[in-house]
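For reference, the structure discussed in these notes is given below.
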């Protein structure tokens, strides 16, 4: 939960405290884990299709 959720629902306090107690353990695990490999290069595909040419309408 987001920490501010406890302001609206005090019943979440124990869950929030448990999450904060686990932070040192999670930080230690992250410090000893190997980083993810490089992301693959994206294909040369255009991300946006060219829009169709608009046609000007007459007013009359």
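The values are calculated or read from the model by the stated rules, or taken from the named source; none is laboratory data. Predicted, not measured: the structure shown is a model, and the values here were computed from it. Counting neighbours? That spans all protein chains shown, and the Cβs are built from the backbone with ideal geometry, glycine included.
Is it fair to say residue 55 is at pLDDT 80 or above and surrounded by 10 or more Cβ atoms within 10 Å (Cβ to Cβ)? Answer is no for this residue. Is it the case that some residue within the stretch 34-41 is over 22 Å from the mean Cα position of the chain (by Cα) and either at pLDDT 95 or above or exposed (fewer than 10 other Cβ atoms within 10 Å of the Cβ) (or both)? Within the stretch 34-41 (the criterion being over 22 Å from the mean Cα position of the chain (by Cα) and either at pLDDT 95 or above or exposed (fewer than 10 other Cβ atoms within 10 Å of the Cβ) (or both)), the answer is no, since none of the residues qualifies.
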